[in-house]
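Coordinate-derived values only; no laboratory data. The shown structure was predicted, so the numbers you read here are calculated from the model rather than taken from an experiment. Cβ placement follows ideal geometry from the backbone for every residue including glycine, while neighbour counts extend to all protein chains displayed.
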Amino acid sequence: MDWLSDANDPEIIRLAERYASWRFPGERGFGRRFPEDRGLFDSVLHGIGAAWTPGGARPLALIDYRALDTRELRDHEVNSVPPDTPSEFARSLLPATALPGRLLDRISGILPIEASVILPSGPPRSLSAASRMWPRFGNKKIRDRRRIRCRTKRVRGTPGFSVRRVDETGQAVNGFLTARHVAPCGTGCVIELQVKAFSWNPTGIVRVPPDDCGETCNYCYRGYDVAIVDSDQSLGYSDHSGSVDLPASLSSPLQVRMLGAISGVSNGMITGALMAYGDNPTWFNSWLLVPSGIGVNGDSGAPVVLERSGQALGLMVGGHSMPDSETVAAFYVQDLQCIERDVLNPQGTEIQHR
């Protein structure tokens, strides 16, 4: 990963390898994860990565807005308005040097203070929906938007990209991806498709491999919030030209499309990257997406593609809110190429595309 800049490179690489356990494969995208990367984040520090700014990519830390006392900040204020454009996102960033000493101590061993920026945020959370939160539309929109849920837990989300794997007997099995937290029952979880306002039909079975500890984790597999659903119905998205390989150090924001079960087709901009974020579980290798209105609860698992090229970028998995608001200020899109490398390929599963 080459989001690091100038003289900070050697220092950041050493610190990242020590604290977040990344590998840096030259100019290519996100680094791989080592198993000893847990315990970095807490109620104050929610994540680390890189943010686009008009002056270039800068190291980024997500700091909980509740830990920021405006009386302690040095000539800066916390912006409580969710950003709707890349320029508003850049204006919402604070220089790390503006933080009081108690917070500088929290990140000084992880990121270079002089070069870094801070994004005030709430705790990372998923975008799955409970039944009481599910908006009601006409039957045509229900069919078009392909809403899915776990039959047992009633957690609801969105089908992601189409996949195909070869089973133990050598037979090809079709299916789709979704966010792992949409299928909290793990392997064998029955996924249902909404066909009418109050009617659901079984559409697939979840295959969730065990985590590194040898146990099934309901929300995370090797740092990825992804589940594979075997299904003979064509619910996944395949109208793309394959996954895209991007550096996390964006030279400019990227325009993307998100295809959610609730939001439908929504346009947004990628303004940064998170290498690691969240506490119990910790997620890895995600893109920061604005504006605030691009997604809602129920869009978890939705595919996100680049607007111009149509290449697949990743899966919508979550976001964070701003002070005194339930509105999601920025969304997290887990990188599809990393999902392929670290989850799908070891499982003998391939992304299907045109």
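A compact table of results
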read-out: Order by protection proxy (mean Cβ within 10 Å, highest first), peptides 257-265, 56-64; value: 56-64, 257-265
read-out: Rounded if a/c under 1.5, otherwise prolate or oblate - segment 142-200, Cα gyration tensor axes; value: prolate
read-out: Burial order of peptide ranges 171-180, 302-311 (average beta-carbon count within 10 Å, highest first); value: 171-180, 302-311
read-out: Where a label projected 7 Å from the Cα of Lys153 along Cα→Cβ would reach, residues of segment 89-130 with amide N under 19 Å; value: 124-130
